[in-house]
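Below you'll find the structure, written out as structure tokens, and then a few comments.
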Amino acid sequence: MVFEDGVPVKDFYRRYKIKTVEGPNDFASMKEVLTRRLKHDEYESPDLIVVDGGKGQLAMAVEVLKELNRQDIAVVGLAKAKVKGEFSDNEVKSTDERIFIPGRQNPVVFAKGSEALHILTGIRDEAHRFAITYHRKLRENKSLESELDMITGLGEKRKKALLKRFESIEQIKSAQSSEIAELPGFNQVLAERILLHLNEE
């Protein structure tokens, strides 16, 4: 995702499906995404990269920049303060934000009302929102694909066309059969079969 002058520029947002990492590995996934993003010459180089995390995540970002010979790009890590003992989510969220900078041992802590902190946390919160929305859609699509597999006459090509036209199972259910029938490779009989199956479920 991209911000300019502290404002999100959604036309420049990009989603990346992890291709080289198996299983949950935040550091390796971050390395893959940063590497792929920075290798795109058609994208304008960022003035600053903000990574969500502390020293470990920042070190990985610095490593990528070094490997690509792009140390001209500034990078910082943004993380919540560490807490001891058992804390509720709200208590953890209320701790101070720490900004990690390459080459500096201790994090920078901005005043709570500072504009710089507001911009950085705004970037992090927007990234969280964007990622959560994307993963929710992936889960919904997976569930929908599984449901569509049970309909006779609906092969992979038709299934993809249906998923491209309608974003959720609810949208398909509420569609007119004529809307589905006009899709490439579909007809009225198949459209009615799809609606009958989904609405019976």
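Please treat every number below as a calculation from the coordinates, not as lab data. What you see is a predicted model, and the numbers here were worked out from it, not measured in a lab. Cβ sites come from the backbone with ideal geometry, for glycine too, and all protein chains shown count toward neighbours.
Worth pointing out:
- Structural descriptor for the chain: relative contact order 12 percent, calculated from alpha carbon pairs under 8 angstrom and at least 6 residues apart.
- Diffusion of the chain by Stokes-Einstein, at 25 °C in a medium of 0.890 mPa s and with Rh set to the Kirkwood radius over alpha-carbon pairs, works out to 120 µm²/s.
- Excluding the site residues themselves, the longest part of the chain lacking any chymotrypsin sites (Phe, Trp or Tyr not before Pro) in a DSSP loop with at most 14 other Cβ atoms within 10 Å is 88-201.
- In the structure shown, the pairs LYS19/LYS157; LYS17/LYS157; LYS80/LYS164 are assessed against 29 Å; a Cα-Cα span above that value is assigned to LYS80/LYS164.
- Footprinting exposure proxy for MET60, MET150 (fewest neighbouring C-beta atoms within 10 Å first): MET150, MET60
- Mean residue ellipticity at 222 nm, helices only, the chain: -15000 deg cm²/dmol; runs of at least 4 DSSP H residues each add -39,500 (n - 2.57), and the sum is divided by the number of residues.
- The chain: antiparallel DSSP beta bridges as a percent of all, rounded to 5: 60 percent
- Principal-axis tilt of helix 26-38 within the chain, Cα atoms, nearest 10 degrees: 80 degrees
- Region 151-200, relative contact order in percent, only Cα pairs under 8 angstrom and at least six apart counted: 39 percent
- Bridgeable aspartates and glutamates around LYS173 (alpha carbons under 15 Å apart, same-chain partners fewer than 8 residues away excluded): GLU140, GLU145, GLU147, GLU192, GLU200, GLU201.
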